[in-house]
Amino acid sequence: MWLEENRANILTDNPDLNEAEVIKEGMSRFRMLTSEERMVWTEKARGGSVGDSAEDKKRKRPTAEEDEEKKSQEQKSEDTNVSKKSKPLDPSTNNRLSSFAFKQS
């Protein structure tokens, strides 16, 4: 994330760099940041903010509405997955299958 926001500055300072060199330069510049600045960017990359407490990181229990909605969606998917009644096989197919299964000629 830091590189994406600072890529333009790197290219302005060094317009002749190729992509790999831009990444190397970005890595060296990122390492020169203070540990606090790096921590801010690391937390942004993780999707959180720096001040997240342990309580904020815990999973939240779904509300009753969310729980009911999830159950109804599961029920709908189960309804569509119910196997359909199979068609009965015609007698010649039954004879061939039984002869194969029981080695009859």
Result of the Cβ filter at 8 Å on the stretch 22-33, keeping first residues that are without any contact (Cβ under 8 Å) to a residue 40 or more places away in the chain and more than 13 Å from Glu4 (Cβ to Cβ) and partners that are open to solvent by less than 70 Å² (accessible area, probe 1.4 Å) and not in a helix (DSSP H, G or I), at least 6 apart or interchain, is Glu25/Asn14; Glu25/Leu17
Within the stretch 34-66, the count of residues that are surrounded by 10 or more Cβ atoms within 10 Å (Cβ to Cβ), at pLDDT below 70 and more than 22 Å from Trp2 (Cβ to Cβ) comes to 2
Per the filter on the stretch 1-39, residues more than 31 Å from the chain's Cα centre (by Cα) and in a helix (DSSP H, G or I) are Asn9, Ile10, Leu11, Thr12, Asp13
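The values are calculated or read from the model by the stated rules, or taken from the named source; none is laboratory data. Keep in mind the model is a prediction, meaning the values are calculated, not measured. Positions of Cβ are generated from backbone atoms using ideal geometry, with glycine treated the same way; all protein chains shown enter the neighbour counts. Only protein heavy atoms, including side chains, enter the accessible area calculation; ligands, DNA and RNA are left aside. Shrake-Rupley method; radii C 1.70, N 1.55, O 1.52, S 1.80 Å.
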